[in-house]
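The values are calculated or read from the model by the stated rules, or taken from the named source; none is laboratory data. Computed from a predicted model, the values in this text were never measured in an experiment. Glycine gets a Cβ as well: all are built from the backbone with ideal geometry, and neighbour counts include every protein chain shown. Only protein heavy atoms, including side chains, enter the accessible area calculation; ligands, DNA and RNA are left aside. Shrake-Rupley method; radii C 1.70, N 1.55, O 1.52, S 1.80 Å.
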Amino acid sequence: MEYDVAVIGCGVSGANIARRLSAYNIKLAVLEKASDVSFGTSKANSGIIHGGFHHNKKYLKARLEMQGSLMFDQLRRELNFPFRRCGIIVAALHHDEMKVVEHLYLQGMENEVIGIELCSRQRMLELEPKLSDDVVGGLYAPGGGIIEPYRFVFALVESACKNGAELFLNFKVNEVKRDITANHWIVTAEDGRKIKTRYAVNAAGLFADEVSKIFGAEEFKITGRKGEYYLLDRLTNACPSRVVFPVPTAVSKGMLVIPTVEGTVLVGPTADAAENKDDFSTTTQRLEQILISGKTMIPALSQNDVITSFAGLRPCLSSLPEDKEYLQDDFYIKASAKAPAFVQAAGIQSPGLTASPAIAEYVKNILVDIGLQLTEKSHWNPAAEDHSCVREFINVVKLKLEELDKLITSDSKWGNIVCRCENVSEAEIVQAVKLGHTTLDGIKYFTRAQMGRCQGGFCTYKIIKIIMRETGLPMNEITKHGGSSRVLEGFL
């Protein structure tokens with residue numbers, strides 16, 4: 001179990017780093033403490049590819065955001081995850097907000113954002129007719145977009161593994177020792193598994209501070225910033241054609257109205273400090289605030305269209321007193337000054353998803369700077385077009401009748417619709433299970449079963465039966481997201 005590099009954490013940053021490094025002739029391990037990838041911050045965010053105008057380019061996160069955004073078109077061609085450049089608008093509802101909009105426009109121009117526009121009221125309503133009549137002007141960034149973040153992570157990981165990376169799930173780093181003689185780290189998981197690695201990358205998201213401490217590296221604190229969301233049914237009349245931002249404040253980018261890539265609508269998020277990194281609760285008060293804020297921009301928003309609410313946590317990094325170069329609220333990506341052969345990729349909050357492909361390139365270059373020798377694989381396959389996870393996802397409702405008939409003839413499971421809300425067939429769920437997604441959440445993020453109007457009320461039991469049949473697991477060992485989250489514990 002000896003590796004050249006171990007990437008700790010497999011959210012969107014870790015997955016991109018793993019895939020980038022899989023292009024080289026090294027032994028690569030990916031260590032994820034959860035039972036599946038993307039189960040941390042990456043599973044519950046806005047799913048936005050940002051427009052490049054919110055941050056000054058003095059910040060590393062702004063430079064990586066601009067670089068990363070430009071990389072998504074090629075990644076989409078190679079990996080076929082759901083992604084669309086629908087554009088982003090910032091809607092000013094009061095004349096005094098136009099000063100901030102003008103600042104964002106000038107900042108976007110300085111950042112060389114392609115096609116950015118400072119818009120009149122008429123232009124804003126032309127871009128998005130569902131906007132409030134109170135709109136007085138705004139900003140338009142056509143390069144912004146929407147993405148399904150967990151499917152993006154799944155595709156990255158499958159590509160990395162096909163190209164030689166090894167994924168270790170349920171691997172919570174518990175102890176680390178440095179073998180000075182052999183110049184490698186001995187990394188021990190909570191369950192006793194061990195690996196040896198010459199280099200390690202800390203991409204542990206909310207728990208990057210704990211991983212850093214275990215390695216004897218820089219001491220800092222990660223605080224969760226909770227964002228609560230409403231999810232609206234795909235039949236809502238309030239679905240905009242573009243991502244709609246309010247004018248930002250000093251605290252956050254505000255509460256957005258987001259047309260998701262699969263047709264539903266997200267409204268949110270809030271931005272509240274959360275000391276408990278496992279606090280994903282939602283509150284009536286904050287959710288009401290989200291809906292009120294959203295309705296000021298898109299009046300057609302209705303609580304009757306709400307199908308669920310949820311919360312995600314962004315990893316906010318406290319300042320590093322020993323690092324004078326670090327800017328408050330920026331990404332912290334650099335080689336550790338205290339732990340040898342250890343790279344920090346911490347504090348990756350917004351716009352981390354947008355920046356993630358560029359973060360991978362940045363981390364790769366740091367590894368080379370501190371001694372890792374990389375030679376490209378002659379057989380590396382960036383497209384991995386023969387792998388089932390990164391092919392175009394088959395959804396029976398999108399098929400032509402003759403295509404569906406051919407599939408059903410070859411396997412009747414394609415004709416058995418398990419999730420009626422999202423039209424997900426038994427065959428799609430079986431495919432997900434065979435690829436290792438054996439929790440209810442893993443099935444949900446891979447296939448969208450349980451994501452529709454009834455939120456799994458109709459299909460959950462059927463999915464449990466399929467998991468049992470395909471894996472041999474007894475009913476009381478089926479979990480929502482791994483660990484102790486047994487769905488039917490106490491009922492049997």
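Data for the structure
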item	result
Principal axes of the stretch 184-314: Cα extent on each, largest first, Å	58, 31, 25
Pairs from Lys194/Lys462; Lys194/Lys324; Lys406/Lys480; Lys43/Lys196; Lys177/Lys364; Lys33/Lys434 whose Cα-Cα separation, in the structure shown, is over 31 Å	Lys194/Lys462; Lys194/Lys324; Lys406/Lys480
Pair-distance profile P(r), taking every C-alpha pair of the stretch 277-353, with 10 angstrom steps and integer %	14, 30, 25, 18, 11, 2
Sequence of Leu232, Leu488 from largest to smallest accessible area, 1.4 Å probe	Leu488, Leu232
Farthest positive-ward along the stretch 1-127 dipole, Cα basis, beta-carbon charges - from Met1, Gln67, Leu31	Met1
Rel. contact order, % - alpha carbon contacts under 8 angstrom, at least six apart, the chain	19 percent
For peptides 6-15, 360-369, sequence by mean Cβ density within 10 Å, most packed first	6-15, 360-369
The stretch 1-139: antiparallel DSSP beta bridges as a percent of all, rounded to 5	60 percent
In the stretch 403-433, trypsin sites (Lys or Arg not before Pro) in a DSSP loop with at most 15 other beta-carbon atoms within 10 Å	Arg420
Inter-centroid distance (Cα atoms) of the stretch 195-272 relative to the stretch 409-454, Å	26 Å
Difference of contour (0.36 nm per residue) and Cα-Cα distance, Lys221 to Ala273	17.4 nm
Volume of the Cα convex hull of the stretch 113-152, divided per residue and given in Å³	90 Å³
Modelled FRET efficiency - R0 56 Å, Leu169 with Leu106, Cβ distances, 0.05 increments	0.75
The stretch 252-362 - charge dipole about Cα centre, Lys and Arg +1 at Cβ, Asp and Glu -1, debye rounded to 20	100 debye
Mean Cβ neighbour count within 10 Å, used as a protection proxy, ranking 183-189, 135-141 highest first	135-141, 183-189
Spatial separation of Cα centroids for the stretch 304-336 and the stretch 121-191, in angstrom	13 Å
Test item: Cα-centred dipole of the stretch 145-251, Lys/Arg +1 and Asp/Glu -1 on Cβ, debye	160 debye
Exposure of Glu470 as accessible area (Å², to 10), given a probe of 1.4 Å and all protein chains	70 Å²
Segment Arg193-Asp134, extension gain: residue separation times 0.36 nm, minus the distance between their alpha carbons	15.3 nm
Enclosed volume per residue, in Å³, of the convex hull spanned by Cα atoms of the stretch 1-160	135 Å³
³J(HN,Hα), Karplus 6.51/-1.76/1.60, whole Hz, each residue of the stretch 161-168, x for Gly, Pro	5, 5, 9, x, 5, 10, 9, 10
Accessible area in square angstrom per residue, the stretch 270-349, 1.4 angstrom probe	47 Å²
Percent carbon-and-sulfur accessible area, the stretch 109-213, ignoring ligands, DNA and RNA, probe 1.4 Å	47 percent
Shape category assigned to the stretch 49-141 from the gyration tensor of Cα positions, a/c cut at 1.5	oblate
Fraction in percent of alpha-carbon pairs per bin - 10 Å, the stretch 128-223	12, 29, 26, 14, 11, 8, 1
Pairwise FRET efficiency - Lys57 versus Ser484, Cβ, R0 = 56 Å, nearest 0.05	0.80
